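Novice: I have a structure here, written as structure tokens, and I will follow up with some questions on it.
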Amino acid sequence: MSDQTHMHVEHDIAPGDEEQHSVGARILGYVVGLALALLLTATSFFIAGTDLVWQPSIPVALIVLAIAQMGVHLVFFLHITTGPDNTNNVLALAFGLLVVFLVVGGTVWIMAHLNQNMPPMDQIMPMRN
Amino acid sequence: MPAVRTVEPMMLGKLDWSAIPFDQPIPLIAGAVVLVGILGVLAWVVLRGHLPYLWDEWITSVDHKRIGVMYILLASVMLLRGGSDAIMMRIQQAVAYQSQGYLPPEHYNQIFSAHGTIMIFFVAMPFVIGLMNLVVPLQLGVRDVAFPTLNSVGFWLTATGALLVNISLVVGEFARTGWLAFPPLSELSYSPGVGVDYYAWSLQISGVGTLVAGINLVTTVLKLRTRGMNYLRMPMFCWTTLASNLLIVAAFPILTATLAMLLLDRYLGFHFFTNEAGGNVMMFMNLIWAWGHPEVYILVLPAFGIFSEVVSTFSGKALFGYRSMVLATMAICIISFMVWLHHFFTMGAGPDVNAIFGIASMIIAVPTGVKIYNWLFTMYGGRIRFATPMLWAVGFMVTFIIGGLTGVLVAVPPADFMLHNSMFLVAHFHNVIIGGVLFGAFAGFEYWFPKAFGFRLDERWGKMAFWFTFLGFYVTFLPLYVAGMLGMTRRLQHYDVAAWRPWMLVAAVGMAVLTIGVICQITQLVVSIRNREALRDRTGDPWDGRSLEWATSSPPPVFNFAFSPDVRGEDAYWDMKALARKQSLEHEGPEYHDIEMPRNSPTGFVCAFFASIMGFALIWHIWWMVILGGIGAFATFVVFAWRDHDEYVIPAAEVARIDGINLEERRSLVSMAGGV
Amino acid sequence: MSMTATAGHAHADPHHIGIVVEHPGPAPKRIVTAYGFWVFLLSDIVMFSCFFAAYAVLAGQTAGGPSGSEIFEQRNVAIETVCLLLSSFTCGMASIAADTHNRLWFYLGMAVTCVLGLIFLAIEFNEFAGLVSRGYGPSRSAFLTAFFSLVGCHGLHVSAGVLWLLTMMAQVFAKGFRVDILRRMMCFALFWHALDIIWVAVFSVVYLLGSGA
């Protein structure tokens, strides 16, 4: 068919591999990643122990900080990008995260629900005695 | 034997002579027969001097085709074992009306636990993994899977699990807890014996093997496709393989974690699922079914792929609605992770949880329905040949629809409250697993057997096997639906309700018919092997197939394709097969190149050897042997990692010679048939 | 459709009008290996997610034993975290050194990574031993069961990582920066960085959220 052009493309890149960079640029990437990670970790530890912020916000803040830090690790240490050569790697990651989310979220939801509808064992036992 | 006991706990943990069931004739005789059989085969192999052949060509082979065949062989042998369990159960329920029958409860309970465990983990899983291993690289037009040596490790670890389950027949006992070993029954306080340990360790070890196979096949499909094999040009079986193995990779770790928790409870006094100290029994059901439901689709998706191939080949048409089929496959892959609660509707979650999971369970019927319609429309207007694989496919469609409909029925929570753990449920899941997975496995077996061995299977015996199995299935399992409706619960060792009796008798008759089907299947194999010259497939394409595996010879050379096929154009299979065959026929001698293939490796076998020792020692608390096995396994890996040459080269001349032989043969056949 | 007709139709592709991107064929080995390992890591993370889920369910079940806030020592956790973060950095340096075939920096980076990993393990072991000696072992309550298994599972992974790291160093020493060894090094780096990510979840969910409760 004349309206088609068959085009050969380059392969994807391996997870963890970076696109071509000089050694200096690569080291800089790790330095930035380490600095960000340390910063976020320090913030987490600070938030957890402080009474300067509204207490109920702490768990949310900790989770947000943890997710942010995981993102930092993924980008700066594992070199996951949104580039087209990374599609497979990102899709696999997305599938894994979906399953993690379903398992953890589902378990917590289901188990909380089961507990709601069932009197806790420690309250049943005294009644029997 | 107190005197013996004082010495042995040091050396052999919990193991002593009381582990051998001298008082129970059935397992002892069965075990003895199996042992004599194994020793007989071994003696024959050694005496006839086949050992080097077996070691070089099979045991250490990293060829995906050979490993696939070994997986299928394992599955077939275990199918006989699991089938024997089924026969014993059916007979027991037929005779145990107002009596104890012939199986004592503790033995009966082991039998139904072993039956479920074996059929799922050591029959269905190895069968589909074997078929995927055998076919997928050929369909993708590549020379091997992504990780050939790991592939061999995966197979041998699966075999180790099967070995441990069979050892439990003679040494010690198997679990009496059902195939999923629900706590608190499976906890140490209620199951103090080694049965649950046999169960858990064999599944842990074979689970590692399955995970390895899953990673291998996902990587193979995503990263090793021949030139031009875009995603939307892959045969349907490759798509379902991808979906199924994505599920393996995502679900089997859940099984591993859950069984690890159970083992920690049993071995180290942890409190995950105990009644004491805040443990939560329900969390086990929750976690194990978060694996268990995707597992159902791990098994049935490859079967869907097989049917897609078979239906389109034997209808002489391209698969109807290829893209909707791909979409349905991937939808099932995702949704199957969102329905696991329907296995425990009765556990006490409120209406909102139950409703959401009930609706999700019904939704998953939609993509499945799409597939059924696609197969029907593929057949519509086609020139259908009712060869044995096609019979299995049509039988599947009829049977699976019944099973699927009863499935939608039990997806409704209020209905499930009535039917939960009844014989209705037993009938339902046998309906989908036999009608879906087993029929699919048989269809794939009949369909790809010529590709693997170079000769077709006898059609007459194949058709007889199909009809006996098909009828036997209905006679066995339709009565169980009725018994379930009459209130019969599953796993009854005996019962006193007169109304159930006739249905149990009918089911036993059905089991006899099913057994005849199995005998026909075995006869078919024997007859075909004896007549193999007459059944020889010289074209490499006995069915006029539509995908790349039919473009090479049967059996394919170790390198699969002398030239990597170059795939162009979408209309998925037919064009590319025709083109690939044309390319291979047109090629002339001088263009052959050296081919690098992975070297054979005993790593898998040695790993499995140490895993067997370690598993057995863990079951019996023989700690020094555990350590020995662990060190051995690590050493094996280091030795493997240390080797310098992991590939060998097949010189171009040799490639030319091998390819030339079958090229000649096929050219002459093609010219006789009037050309491509 | 007959076979003779199809060869001519090979390029007919009703769904793609315009550019068809042809799949270039099997990927190079480095990509295949790393991708397979990437998939393994995802499966490993799913396994961890089960232990996280169990921890979330059982965290409140102290059965009269201690709760998280009574036994966690934030100072130790902070030191452990810094160790792991720094080790991730040094592991990255070792990867760069391996790619540029620089033996000195490779050994240095790996050795520091190993030492940091061992410090982490020592602190964790110390914490566990202290808890067990106070009678707060994993059989004390469901909460402690979940805590020991989750943190212990990560610890086991780090131990396996250290073993792997030493094997890697030995391999480079014996065989140099061969292509297959570089592939393994890449997998090791992926493994080590992934453990770090799991640790971020562990210290946030278990130690920080737990000590607040």
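The values are calculated or read from the model by the stated rules, or taken from the named source; none is laboratory data. Since the structure is predicted, the reported quantities are computational estimates derived from the model, not experimental observations. Glycine gets a Cβ as well: all are built from the backbone with ideal geometry, and neighbour counts include every protein chain shown.
Novice: Among the numbered criteria (1) modelled with pLDDT under 90; (2) facing chain B (nearest Cβ under 8 Å); (3) part of a helix (DSSP H, G or I); (4) crowded, with 17+ Cβ neighbours inside 10 Å, which one does C:A7 miss?
Specialist: The single condition C:A7 does not satisfy is (4).
Novice: Identify, please: which residue in the stretch C:30-47 is more than 7 Å from chain A (Cβ to nearest Cβ) and under 12 Å from the mean Cα position of the chain (by Cα) and is, among those, farthest from B:I215 (Cα to Cα)?
Specialist: Looking at residues that are more than 7 Å from chain A (Cβ to nearest Cβ) and under 12 Å from the mean Cα position of the chain (by Cα), I get C:M47.
Novice: Still on this structure, please answer the following. Scan (1) within 11 Å of chain C (Cβ to nearest Cβ); (2) touching a residue at least 40 places away in the same chain (Cβ under 8 Å); (3) charged (D, E, K, R) for the single condition B:E295 breaks and write down its number.
Specialist: Answer for B:E295: the failing condition is (1).
Novice: On to the next question. Can you pull out the residues in the stretch B:380-413 that are closer than 23 Å to B:F449 by Cα, part of a helix (DSSP H, G or I) and in contact (Cβ under 8 Å) with a residue 24 or more places away in the chain?
Specialist: Residues satisfying the conditions are B:T388, B:P389, B:M390, B:L391, B:W392, B:A393, B:G395, B:F396, B:M397.
Novice: Using beta carbons and a limit of 7 Å, which pairs, at least six apart or on different chains, have the first residue in the stretch B:6-24 and at negative phi and the second one among the basic types (K, R) and modelled with pLDDT under 75?
Specialist: B:D16/B:R5
Novice: I'd like the residue in the stretch B:463-486 that is surrounded by 23 or more Cβ atoms within 10 Å (Cβ to Cβ) and of a type in the set (G, A, S) and, out of all such residues, is farthest from B:L405 (Cα to Cα).
Specialist: Filtering first and then ranking leaves B:A465.
Novice: Something else: Just a yes or no: is a residue in the stretch B:168-188 over 16 Å from the mean Cα position of the chain (by Cα), over 25 Å from B:A114 (Cβ atoms) and of a type in the set (S, T, Y)?
Specialist: Checking the stretch B:168-188: not a single residue is over 16 Å from the mean Cα position of the chain (by Cα), over 25 Å from B:A114 (Cβ atoms) and of a type in the set (S, T, Y).
Novice: In the stretch B:414-446, what residues are farther than 30 Å from B:F314 by Cβ and in a helix (DSSP H, G or I)?
Specialist: Result: B:P414, B:A415, B:D416, B:F417, B:M418, B:L419, B:M423, B:F424, B:L425, B:V426.
Novice: Give B:G130, B:G83 a once-over and let me know the one that is among the small types (G, A, S), part of a helix (DSSP H, G or I) and surrounded by fewer than 20 Cβ atoms within 10 Å (Cβ to Cβ).
Specialist: B:G83
Novice: More than 24 Å from B:M119 (Cα to Cα), of a type outside the set (S, T, N, Q), touching an Asp or Glu at 6+ places or on another chain (Cβ under 8 Å) and assigned to a helix (DSSP H, G or I) - does that describe any residue in the stretch B:452-462?
Specialist: No: the stretch B:452-462 contains no residue that is more than 24 Å from B:M119 (Cα to Cα), of a type outside the set (S, T, N, Q), touching an Asp or Glu at 6+ places or on another chain (Cβ under 8 Å) and assigned to a helix (DSSP H, G or I).
Novice: State which residue is surrounded by the fewest Cβ atoms within 10 Å (Cβ to Cβ) when the search covers only the stretch B:249-277 and only residues that are in a loop (DSSP other than H, G, I, E, B) and among the polar types (S, T, N, Q).
Specialist: Here the answer is B:N275.
Novice: Could you please give the count of residues in the stretch A:8-67 that are of a type in the set (D, E, K, R), without any contact (Cβ under 8 Å) to a residue 24 or more places away in the chain and closer than 30 Å to C:T33 by Cβ?
Specialist: Residues in the stretch A:8-67 being of a type in the set (D, E, K, R), without any contact (Cβ under 8 Å) to a residue 24 or more places away in the chain and closer than 30 Å to C:T33 by Cβ: 1 in total.
Novice: Taking into account only those residues within the stretch B:340-375 that are part of a helix (DSSP H, G or I), within 30 Å of B:S312 (Cα to Cα) and of a type in the set (V, I, T), which is nearest to the other protein chains (Cβ to nearest Cβ)?
Specialist: Restricting to residues being part of a helix (DSSP H, G or I), within 30 Å of B:S312 (Cα to Cα) and of a type in the set (V, I, T), the top hit is B:I363.
Novice: For the condition under 17 Å from the mean Cα position of the chain (by Cα) and either more than 19 Å from B:H621 (Cβ to Cβ) or not in a loop (DSSP other than H, G, I, E, B) (or both), what is the one hit in B:G228, B:G209?
Specialist: Only one candidate passes the filter, namely B:G209.
Novice: When the stretch C:38-94 is examined, which residues are found to be of a type in the set (D, E) and not in a helix (DSSP H, G or I)?
Specialist: C:E73
Novice: Further question: Please specify each residue of the stretch C:134-152 satisfying the condition of being facing chain B (nearest Cβ under 8 Å) and not hydrophobic (A, V, I, L, M, F, W, C).
Specialist: Result: C:P138, C:S139, C:R140, C:S141, C:T145, C:S149.
Novice: Just wondering, is there one or more residues in the stretch B:458-475 that are touching a residue at least 60 places away in the same chain (Cβ under 8 Å), under 26 Å from B:R176 (Cβ atoms) and touching a helix residue (DSSP H, G or I) at 6+ places or on another chain (Cβ under 6 Å)?
Specialist: No - not one qualifying residue is present in the stretch B:458-475.
Novice: Criterion first (within 22 Å of B:S168 (Cα to Cα) and crowded, with 23+ Cβ neighbours inside 10 Å) does B:Y102 satisfy it?
Specialist: Judged against the criteria, B:Y102 is not a match.
Novice: Can you go through B:G116, B:G172, B:G101 and tell me which one is more than 21 Å from B:L35 (Cα to Cα) and in a loop (DSSP other than H, G, I, E, B)?
Specialist: Just a single option satisfies the conditions, and that option is B:G101.
Novice: Just one of (1) more than 14 Å from chain C (Cβ to nearest Cβ); (2) in contact with a Lys or Arg (Cβ under 8 Å, 6 or more places away or on another chain) trips up B:I167, so point out which.
Specialist: For B:I167, the exception is condition (2).
Novice: Tell me, please, whether a residue that is at pLDDT 85 or above, touching a strand residue (DSSP E or B) at 6+ places or on another chain (Cβ under 8 Å) and more than 12 Å from chain C (Cβ to nearest Cβ) can be found in the stretch B:552-567.
Specialist: yes
Novice: Can you tell me which residue among A:G96, A:G16 is at the interface with chain C (Cβ under 7 Å from one of its Cβ atoms), closer than 30 Å to B:F337 by Cα and modelled with pLDDT of 85 or more?
Specialist: A:G96
Novice: While we're here: Name the single residue, out of those in the stretch A:48-85 being aliphatic (A, V, I, L, M), facing chain C (nearest Cβ under 8 Å) and assigned to a helix (DSSP H, G or I), that is nearest to C:A34 (Cα to Cα).
Specialist: Applying the filter and picking the extreme gives A:L74.
Novice: When you scan the stretch B:630-676, how many residues do you find that are in a helix (DSSP H, G or I), at pLDDT 80 or above and aliphatic (A, V, I, L, M)?
Specialist: Result for the stretch B:630-676: 10.
Novice: Determine which single condition C:G161 fails, assuming it passes every other condition in (1) surrounded by 19 or more Cβ atoms within 10 Å (Cβ to Cβ); (2) within 10 Å of another protein chain (Cβ to nearest Cβ).
Specialist: Unmet condition: (2).
Novice: Could you count how many residues in the stretch B:235-266 are over 27 Å from B:M347 (Cα atoms) and of a type outside the set (A, V, I, L, M, F, W, C)?
Specialist: 5
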